[in-house]
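*Asks:* Take a look at this one; I'll ask things after.
The values are calculated or read from the model by the stated rules, or taken from the named source; none is laboratory data. This is a predicted model, so every value here is computed, not measured. Methodologically, a virtual Cβ is constructed for each residue, glycine included, from the backbone with ideal geometry; neighbour enumeration extends over all protein chains shown. Ligands, DNA and RNA are excluded from the accessible area calculation, which covers all protein heavy atoms including side chains. Shrake-Rupley method; radii C 1.70, N 1.55, O 1.52, S 1.80 Å.
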Amino acid sequence: MNIDSKLTEYKNNIDTLRAVESLEVYRWLLSLGEKLNHDPLSKEKRSEKNKVKSCQFDLFVDYEDGRFKGWSKAMVSAGYAYILIDIFNSLDLPEAQKVTVDHFKKIKMDELLTMSRKTGFYEMIEIMIGKLKNVNYETKNVPEYKNEPETEFFGALGYLSKIDLFKKDDNQNYMLTPKFLLRYAPGNMRKQNS
């Protein structure tokens, strides 16, 4: 499954429920929140480093048992957490690593949430994307090497500049948006052999 089809599935659910009544979306989120806590993140993983800090209630997310899991007592937050976890877990790793925050704007979940929930929603996406960019590998079990898994984080800086150019004719409008992206990824490269 790809990100666009999964997002379309959730967007269609939200649009259908909103057409009935906006409260139906909240009822649906509450039911998804209950589902999240059927197979929750383990208590050991519910730590500060896995906490969505801008959420008003405790909401935790981490990668456990080969997939994302979450936990929250607040059912609306748990509901949107369920959606995010379901989307990320339905993707294979290379596809999931290409996901950006902008992908999630398509489902328009942010229009339904209060300001603090909206902030928590986007922070959780950022946390999950960050956890996917974490690279793990194991070293050989030789005395001069470590035999425990190594974890490294890689970062990059970027500057995106764009300008909107408009041209109006008698009965038509034209728009062009040139963009310039400058990226810098400091760090060293490690040769990894099979």
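*Asks:* Give me the residue from the stretch 164-181 that is in a loop (DSSP other than H, G, I, E, B) and open to solvent by less than 100 Å² (accessible area, probe 1.4 Å) and, out of that set, farthest from Ile129 (Cα to Cα).
*Replies:* In this case the residue turns out to be Asp169.
*Asks:* State which residue pairs qualify: first residue free of Cβ contacts under 8 Å to residues at least 12 places away in the same chain and inside the stretch 41-66, second residue surrounded by 12 or more Cβ atoms within 10 Å (Cβ to Cβ) and among the acidic types (Asp, Glu) in any location, beta carbons under 9 Å apart, and separation of 6 or more residues or different chains.
*Replies:* Lys49/Asp62; Lys51/Asp58
*Asks:* With (1) assigned to a loop (DSSP other than H, G, I, E, B); (2) more than 16 Å from Ile129 (Cβ to Cβ) as the list, and Ser54 as the residue in question, which single condition is left unmet?
*Replies:* Going through the list (1) assigned to a loop (DSSP other than H, G, I, E, B); (2) more than 16 Å from Ile129 (Cβ to Cβ), Ser54 breaks only (2).
*Asks:* Which one of these is buried (at least 18 other Cβ atoms within 10 Å of the Cβ) and in a helix (DSSP H, G or I): Leu84, Leu41, Leu30?
*Replies:* The match here is Leu84.
*Asks:* What's the total number of residues in the stretch 87-107 that are part of a helix (DSSP H, G or I) and among the polar types (S, T, N, Q)? Working first, answer last.
*Replies:* Within the stretch 87-107, the subset part of a helix (DSSP H, G or I) is 87-89, 93-96, 101-107.
Then keep just the ones that are among the polar types (S, T, N, Q); that gives 89.
Residues that pass the stated criteria total 1.
*Asks:* Still on this structure, please answer the following. Trp71 fails exactly one of the following numbered conditions: (1) part of a helix (DSSP H, G or I); (2) surrounded by 20 or more Cβ atoms within 10 Å (Cβ to Cβ). What is the number of that condition?
*Replies:* Going through the list (1) part of a helix (DSSP H, G or I); (2) surrounded by 20 or more Cβ atoms within 10 Å (Cβ to Cβ), Trp71 breaks only (1).
*Asks:* Follow-up. Based on what the data block shows, is Asp110 in a loop (DSSP other than H, G, I, E, B), of a type in the set (Asp, Glu) and open to solvent by 20 Å² or more (accessible area, probe 1.4 Å)?
*Replies:* No, not satisfied.
*Asks:* Further question on the same structure: When you scan the stretch 119-152, how many residues do you find that are part of a helix (DSSP H, G or I) and at pLDDT below 85? Steps first, please.
*Replies:* Within the stretch 119-152, the first condition is being part of a helix (DSSP H, G or I), and the residues that meet it are 119-132.
From what is left, the residues that are at pLDDT below 85 are 132.
Summing the residues that are part of a helix (DSSP H, G or I) and at pLDDT below 85 in the stretch 119-152 gives 1.
*Asks:* Next up: Give me a count of the residues in the stretch 88-117 that are farther than 23 Å from Ser54 by Cα, out of contact with any helix residue (DSSP H, G or I) (no Cβ under 6 Å at 6 or more places or on another chain) and small (Gly, Ala, Ser).
*Replies:* Residues that pass the stated criteria total 0.
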